[in-house]
Amino acid sequence: RFELIVSGSHKLDAFDPETGEWLWTVGGMSRECIPTPVYGHGLVYFSSSFDRAKLFAIRPDGKGEVTKTHIAWESAKSAPHSPSPVLVGEELYCVSDRGIASCIEARTGKLHWRERVGGNYSASVLYADGRVYFQSEKGEGGVIEAGKKFKVLSRNKLGERTLASYAISSGAIYIRGADHLFKIPASSEGKEP
């Protein structure tokens, strides 16, 4: 079925988008939930935010209060307060606000790797063309190869503070900095940036 998933203060709720009927809730979350939930493999992935960040995978087929029955897995290690995770195939990638990036087996919660990528983060993780992108608040970007092994492909500096997540259009990445809007076009070979 189609569900509208809403993360809010202290809980995650699901509604029928056509009728508005409340379907289920998972409680016990923190006061504010900033990251956007992600869906795949029959699970909803989201991070409960501020006072106690924790990454959850929820089975969305329940009815009513499902906190004790529908949490497939959870992890409090390096969970993001602000950046949203991204699901790429079988892996879930996330970065904590304090710069710890993780690659997690999406179905089970098994950790493939957890590495410090430097800086503090507000921007959400991005995936494009086999690469995972991270943008720190200092304006430093990191690009890693998507996969179960941690491999840095490049690092770059914009020279100014960046809090916003990337925007993508026509093969280019747009980054809003404190003073400028940056456009990083696709490479000359026609591949994604």
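The values are calculated or read from the model by the stated rules, or taken from the named source; none is laboratory data. Not measured: the values here are computed from a predicted model. Because the Cβ atoms are built from the backbone with ideal geometry, glycine has one as well, and the counts that use them run over all protein chains shown. All accessible areas refer to the heavy atoms of the entire protein, side chains included, with ligands and DNA or RNA removed. Shrake-Rupley method; radii C 1.70, N 1.55, O 1.52, S 1.80 Å.
Quick look at the values:
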read-out: Violating pairs (Cα-Cα greater than 23 angstrom) within the set LYS149/LYS183; LYS11/LYS138; LYS11/LYS54; LYS68/LYS148; LYS110/LYS151; value: LYS149/LYS183; LYS11/LYS138; LYS68/LYS148
read-out: Simple spin-label estimate for GLU65 and ARG1 in nanometres, 7 Å along Cα-Cβ; value: 2.0 nm
read-out: Debye intensity ratio I(q)/I(0), log10, the stretch 106-177, q values 0.11, 0.24, 0.26 Å⁻¹ (C-alpha model); value: -0.28, -1.17, -1.29
read-out: Zero-based 10 Å bins, Cα pair distances in the stretch 139-178, whole percents; value: 26, 45, 28, 1
read-out: For VAL88, distant residues with modelled amide H under 5 Å away; value: TYR93
read-out: With 5 Å bins from 0: P(r) over the stretch 63-119, alpha-carbon pairs, percent; value: 4, 19, 26, 22, 15, 9, 4, 1, 0
read-out: Approximate spin-label separation ARG31-VAL152, in nm, with each point projected 7 Å along Cα-to-Cβ; value: 3.5 nm
read-out: Long-range amide H partners of GLY177 with built H, under 5 Å; value: PHE182
read-out: Whole-number D in µm² s⁻¹ for the chain, Kirkwood Cα-pair radius fed into Stokes-Einstein, 4 °C, 1.567 mPa s; value: 75 µm²/s
read-out: Kirkwood Rh in Å, taken over the stretch 15-101 so that all alpha-carbon pairs contribute; value: 13.5 Å
read-out: Rg to Rh quotient for the stretch 1-65, alpha carbon positions, Kirkwood Rh; value: 0.95
read-out: Charge dipole of the chain about the Cα centre (unit charges at C-beta), most positive-ward option of GLY89, ILE71, TYR133; value: TYR133
read-out: DSSP beta bridges in the chain [antiparallel fraction, %, rounded to 5]; value: 95 percent
read-out: Formal net charge of residues neighbouring ASP16 (Cβ-Cβ distance under 14 Å; K, R +1; D, E -1); value: -3
read-out: Sequence of ASP129, ASP179 from largest to smallest accessible area, 1.4 Å probe; value: ASP179, ASP129
read-out: Backbone HN-Hα couplings from phi across the stretch 95-103 [Karplus 6.51/-1.76/1.60, Hz, Gly and Pro as x]; value: 9, 7, 4, 9, x, 9, 8, 9, 10
read-out: By accessible area with a 1.4 Å probe, ligands and nucleic acids excluded, highest first: order of SER9, SER136; value: SER9, SER136
read-out: Neighbour count of at most 16 Cβ within 10 Å plus DSSP loop: longest GluC sites (Glu not before Pro)-free window in the chain; value: 91-159
